[in-house]
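Remarks on the structure that follows.
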Amino acid sequence: MGWFSWGKKEKNQEAPAKEDLWTQCTACKAMLFKEEWHKKWKVCPVCGFHDKLAARERINLLVDPKSFYEFDARITISDPLKFTDDKGSYAEKAQQACDKTGLREAVVTGRGKLHGLRIVLAVMDFNFMGGSLGSGTGEKIFRATEFARKKRMPLIIASASGGARMHEGIVSLMQMAKTSAALARLHEAGIPFISLLTNPTTGGVSASYAMLGDLNIAEPGALVGFAGRRVIEQTIKQKLPDEFQTAEYVREHGFIDLVIPRKDLRDTLHKLIQYSMNTKVD
């Protein structure tokens, strides 16, 4: 009596939930087919908004398949102040970030190949405590920079950060000087460093290694600055332009060199590195 089974669904055959198929652009609010959105590396096909990429997503974007070898994966946060506020302890927040992202710090470092060229790569992840710069973050970037210098390999740092991690106090702020000193040695050795600024790059990160590249490039629409708009407006008692602190605005005022769409990053970085290393550009 087949009619008794009409309309029934076998187990494990339920239709996919709507939220599994679609996502919404956070800028223009357009509904996007999630699979196509991921194929475009989270760039909205309607308005061109570049959404945030997790560290490993960006690594997959930039390096050749199966060429990435991670450095210092065991380095994690330190808690020198045993910091606690009314929302809980720093140690608890850091553990939640580890569980959420599968990372142990706000940056992933390693070596790989970009169209066959050997590179050293450091990629920050905003999902890990806002991509904040802590002692572990600085140590990993420092070690990656030293590796690039010793092996004479070009360095790319992709920044995505709200600034220094104040839970660690002066230990966090010290990472600004520590990473900058390592990059100065890299520059003295004649090894190219390309800084990629993604949305957002602010605070202590923008005030240190993120703006020290031989070339500083950004993705379209990325927020690039130090203090926030509200703080600046309250300080100078003036209304800032709507486009203030966007990558395009910062480029027009001479603080960065290029704004490159995500789809063109691999090819552009390849040519820039070849030029910097005095090798043939295809």
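Hey, any hits in the range 69-90 for a residue that's modelled with pLDDT of 95 or more, farther than 19 Å from Q175 by Cβ, within 20 Å of the chain's Cα centre (by Cα) and assigned by TED's automatic domain parsing to the domain that holds S132? Scanning the range 69-90, I find at least one residue that is modelled with pLDDT of 95 or more, farther than 19 Å from Q175 by Cβ, within 20 Å of the chain's Cα centre (by Cα) and assigned by TED's automatic domain parsing to the domain that holds S132, so the answer is yes.
Annotation note: Cβ proximity below 8 Å between a residue of the range 224-237 that is over 21 Å from T198 (Cα atoms) and a residue that is of a type in the set (K, R) (sequence gap 6+ or interchain) occurs for E233/K239.
Looking at the structure I just gave you, is G112 assigned by TED's automatic domain parsing to the domain that holds V63 and either buried (at least 22 other Cβ atoms within 10 Å of the Cβ) or acidic (D, E) (or both)?
On the way: assigned by TED's automatic domain parsing to the domain that holds V63: yes; either buried (at least 22 other Cβ atoms within 10 Å of the Cβ) or acidic (D, E) (or both): no.
No, not satisfied.
Determine whether the range 152-172 contains at least one residue that is closer than 30 Å to D264 by Cβ and part of a helix (DSSP H, G or I). Lay out the reasoning, then the answer.
Residues of the range 152-172 that are closer than 30 Å to D264 by Cβ, as a first pass: 152-163.
Next, only the ones that are part of a helix (DSSP H, G or I) stay: none.
No, the range 152-172 has no match at all.
Out of curiosity, is L53 within 21 Å of the chain's Cα centre (by Cα), of a type in the set (A, V, I, L, M, F, W, C) and in a loop (DSSP other than H, G, I, E, B)? Answer is yes for this residue. Any residue that is β-branched (V, I, T) and crowded, with 16+ Cβ neighbours inside 10 Å - is there at least one of those in the range 81-91? No, there is no match, as no residue in the range 81-91 is β-branched (V, I, T) and crowded, with 16+ Cβ neighbours inside 10 Å. For the range 126-146, a residue qualifies if it is surrounded by 20 or more Cβ atoms within 10 Å (Cβ to Cβ) and touching a strand residue (DSSP E or B) at 6+ places or on another chain (Cβ under 7 Å), and the qualifying residues are F126, G131, S132, L133, T137, K140, I141, A144, T145. A Cβ distance below 6 Å, combined with a sequence gap of six or more or placement on separate chains, defines the contacts here; from the range 164-181, residues that are charged (D, E, K, R) reach residues that are surrounded by 18 or more Cβ atoms within 10 Å (Cβ to Cβ) and part of a helix (DSSP H, G or I) in the pairs R165/S172; E168/S135; K178/G138; K178/F142. Here is the figure for the range 56-71: residues that are part of a loop (DSSP other than H, G, I, E, B) and touching a strand residue (DSSP E or B) at 6+ places or on another chain (Cβ under 6 Å) total 4. Put simply, of I232, I236 the only residue that is surrounded by 13 or more Cβ atoms within 10 Å (Cβ to Cβ), in the same structural domain as L114 (by TED's automatic domain parsing), modelled with pLDDT under 95 and not small (G, A, S) is I232.
The values are calculated or read from the model by the stated rules, or taken from the named source; none is laboratory data. Worth saying up front: this structure is predicted, and the values here are computed from it rather than measured. All Cβ positions, even for glycine, are placed from backbone atoms using ideal geometry, and neighbour counts span all protein chains on display.
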